[in-house]
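The values are calculated or read from the model by the stated rules, or taken from the named source; none is laboratory data. Everything numeric in this text was worked out from a predicted model, so none of it was measured. Here the Cβ positions follow ideal geometry from the backbone for every residue, glycine too, while neighbour counts run over all protein chains shown. Surface accessibility is based on the protein's heavy atoms, side chains included, excluding ligands, DNA and RNA. Shrake-Rupley method; radii C 1.70, N 1.55, O 1.52, S 1.80 Å.
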Amino acid sequence: MDPQLLKKFVAEGKMPNFSALLQKGSFRELTTSIPPQSPVAWSNLITGMNAGGHGIFDFIHRDPRTMEPYFSASQVQPPKHGIHLGSWVIPLGSGSAEQLRHGKAFWEILDEHGIPNTVFRIPANFPPVKARGYTLSGMGTPDLRGSYGTFSFYTDDPMAAAGAVEGGEIIPVQLEDWQVKAKLIGPDNTFRKGSPPATEAFIVSVDPLEAVAKIDVQDQEFVLREGEWSDWIHVEFQLIPFIGNVKGICRFYLKQAHPRFQLYVSPINIDPADPALPISTPTSYSRQLTEETGEFYTQGISEDTKALSARVLDDKEYLEQARTVLAEHRSMFDAEFPKFHKGVFFFYFSSLDLNSHMFWRLIDPRHPEYDATLAAEYGSALSQFYQQVDEVLGEVLPKLDDHTTLLVLSDHGFAPYYRSFNLNTWLLNNGYVTLKNEPSSSNEAFANVDWSRTRAYGLGLNGLYLNLRGREREGIVEPRAQADALLREIKEKLLAVRDPQNNSPAITRVDIASEVYQGPYARQGPDLLVGYNRGYRSGWQTILGEFPADVFEDNSNPWSGDHCMDYTLVPGVLLSNRAIAADSPALTDIAPTIFAEFGVPKPAGMMGHSVFSTGH
Ligand SMILES: [Zn+2]
């Protein structure tokens, strides 16, 4: 939730319940994390510490010994050791998922004090930490392939580019005798040599006259009209007979029956009724939820923004999918909230974040992807999501009594993302990076970089690292004096960068990590945090260590709003039914606020203070 959009929609009379809370309670902008990315921001809230204390600095981290990038929130490991037996590898010990966030979560401390709690879909909690209460993991939870979500798109269009696209796979199929035979792609089969993905066959029978198809998957059969979504379909991947089967769920969408066959299949989600990896505490809780409300998306980022970016789903189709996600969350909220009588109840809604990312271009005529026709049709989609969140607040407000404290908060606000800044290209142009004379054929990150003549590099959405001796594999910058001088030099130059298109500053703030991070992990992240101006963000390719030709580019992706910027420009919101005393509360104040409400002493290492107490 963005404070400016909240005020706008309240003024337009679209959010009566927030309007009531603003009048009777209090409202502040909530200072977000450095950098203002969700995994970092929610880790600040969860632990009451900044990235120096919890060790999550960005969506993407790197291993300085190999320079390989990896997702920061969690790692899913295949079984390490196996016995080779023909084409089968028998695992010794099963695969596992590892939580990479450090520091105790606030609900672990509540558990220690016997305070009941339910924590629903909080980001940066996969696999969920051991807890006595009910928790369901959210952002950071992978799909069955171990990715953040990989859709499949089956088509007989010979013009479609087959293969992997970001967040999905385009799969060519043939329509023969009005039938399409295809395979669902499951997890990599670590039981087999070379770990090929496990697959399960399905058959689509297309009606020659009507725009209708019948789909057979394992023992399920269902009919879809063109433009229709299926319910959740169960699929079981056979990894090794009788031993290692893995269950998933997915949804089918028949985009077109003919003349072209086009079938979208959602990422295959971990089946909440029989999860292959832990997604809840107690482990039976996700099954219990399906008994109450039916199956649901378990992948962390459930909105299929990648399918819209790849133009596999259009705006209307994506919107239907995104509305289904919110409908699932609302029905789980409606099932769980009435059970709450004491302690802490936390519930996270993802809709405002993901849909602000995708629909900013339809509320802002200045955006390069603004389209007046689409805006006339879907320009109100974002405000409708805000209205739905207002309806949820309308269910909560009547239940409050004098002993109950309500906090409504977001981890960051939102801004337009008009133009990309390619940090690595800028570093190259300014002599901080040197490339090898002969380009490498490898498509690994930084494959062409001559590390013996490179002093700094960009990785992730806001990170800039020095190539430091003793830390990076081939580091050349001497620690301390030389490193400090170089950081200050780069910081000054970045703050002077102007966009040649309009002469506005692209970067309004650069923080030196050692000045803003405290705690045992303070030195493990980037050395500089680059804070972009509203309208700017690091480009899609530079994030993963690539060097596009131009420093500046228009953002032509439907992902058109963002918040990975100067953290002072994208604050979140904090509303309460009680008087907030703090003038400028921060995410790191929320855990101490919760503890103060229950008289639990604030653990050592936590930075903040209760937002209700005066004198800080
Ligand atoms: Zn976001």
For segment 342-467, state the average projected area of the convex hull of the C-alpha atoms over all orientations, rounded to one decimal in nm². 13.5 nm²
Residues listed by number, segment 583-597, amide nitrogen under 11 Å from Ser26 label point at 7 Å toward C-beta: 583-585
Rounded Å value of the spacing that divides the Cα centres of segment 559-616 and segment 280-330: 29 Å
At a probe radius of 1.4 Å, what is the per-residue accessible area of Arg473, in Å² to the nearest 10? 130 Å²
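So which chymotrypsin sites (Phe, Trp or Tyr not before Pro) in segment 267-338 are both in a DSSP loop and have at most 13 other Cβ atoms within 10 Å of their Cβ?
none
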Using helices alone, I'd like the mean residue ellipticity at 222 nm for the chain: each DSSP H run of four-plus residues gives -39500 (n - 2.57), total over residue count, nearest 500. -6500 deg cm²/dmol
State the three equivalent ellipsoid semi-axes of segment 110-209, derived from the C-alpha gyration tensor as the square roots of 5 times its eigenvalues, in descending order and whole Å. 40, 16, 13
Regarding segment 247-322, what whole-number volume in Å³ per residue does the convex hull of its Cα atoms give? 100 Å³
Thr373-Glu236 pseudo-label distance in nm [points 7 Å out on the Cα-to-Cβ vector]: 4.8 nm
Going by the alpha-carbon gyration tensor, a ≥ b ≥ c the square roots of its eigenvalues, is the chain rounded (a/c under 1.5) or, if a/c is not under 1.5, prolate (a/b greater than b/c) versus oblate? rounded
Along Cα→Cβ, 7 Å out, is where each label goes; now give me the distance between the ones at Arg498 and Gln387 in nm to one decimal. 4.4 nm
With all protein chains present, calculate the accessible area of Tyr370 using a 1.4 Å probe and round the result to the nearest 10 Å². 80 Å²
Residue separation between Arg225 and Glu474 times 0.36 nm, minus their alpha-carbon distance, gives in nm 83.9 nm
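Please give me, ordered by residue number, the GluC sites (Glu not before Pro) of segment 412-516 that lie in loop per DSSP and have at most 15 other Cβ atoms within 10 Å.
The qualifying sites are Glu444, Glu474.
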Long-range Cα-Cα pairs in segment 568-610 (distance over 17 Å), rounded percent: 34 percent
Under the 0.36 nm per residue contour assumption, what length would be gained going from the current alpha-carbon distance of Asp554 and Asp484 to full extension? 21.9 nm
Straight-line reach from Lys399: which lysines fall under 26 Å, measuring Cα to Cα and dropping same-chain residues less than 8 apart? Lys7, Lys14, Lys24, Lys339, Lys342
Please calculate how many Å² of accessible area segment 306-350 carries per residue, with a 1.4 Å probe and no DNA, RNA or ligand atoms counted. 40 Å²
Taking a cut-off of 12 Å between Cα atoms, list the aspartates and glutamates near Lys181, but don't count ones fewer than 8 places away on the same chain. Asp156, Glu200, Asp216
So for R0 = 60 Å, FRET eff. of Gln288-Arg366 from the Cβ-Cβ r, to 0.05, ends up at 0.80
Quick one, could you list the DSSP H helices from the chain stretching 30 Å or more along their long axis (Cα atoms) with average Kyte-Doolittle hydropathy of -1.0 or above? 315-336
Can you list the lysines whose alpha carbon is less than 17 Å from that of Lys183, not counting same-chain residues fewer than 8 positions off? Lys214, Lys247
Value of Rg/Rh across segment 407-465 [Cα atoms, Kirkwood radius]: 1.17
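So which chymotrypsin sites (Phe, Trp or Tyr not before Pro) in segment 158-217 are both in a DSSP loop and have at most 14 other Cβ atoms within 10 Å of their Cβ?
For chymotrypsin sites (Phe, Trp or Tyr not before Pro) across segment 158-217 that sit outside H, G, I, E and B with at most 14 neighbouring Cβ atoms in 10 Å, the list reads Trp178.
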Taking a 1.4 Å probe, which of Glu112, Glu317 shows the most accessible area, and what order do the others take after it? Glu112, Glu317
A 1.4 Å probe over the protein heavy atoms gives the chain a carbon and sulfur accessible-area percentage of 50 percent
Work out the charge dipole of segment 363-496 with +1 on the Cβ of Lys and Arg and -1 on the Cβ of Asp and Glu about the Cα centre, then indicate which of Tyr417, Leu459, Tyr370 is farthest towards its positive end. Leu459
Take the Cα atoms of segment 7-69, find their three principal axes, and give me the spread along each one in whole Å, biggest first. 55, 22, 13
How big is the shadow of the Cα convex hull of segment 164-257, averaged over all directions, in nm²? 7.1 nm²
Report, in cubic angstrom per residue, the convex hull volume of the C-alpha atoms of segment 201-342. 135 Å³
Would you mind computing, in nm to one decimal, how far apart the modelled labels at Ala211 and Asp402 are, each placed 7 Å from Cα along Cα→Cβ? 6.1 nm
Normalise the Cα radius of gyration of segment 477-586 by 2.2 N^0.38 Å (N = residues in it) and let me know the number. 1.30
Along the charge dipole of the chain, which of Gln518, Asn437, Gln299 sits closest to the positive end, that is, farthest toward it, with unit charges on the beta carbon of Lys, Arg, Asp and Glu (+1, +1, -1, -1)? Gln518
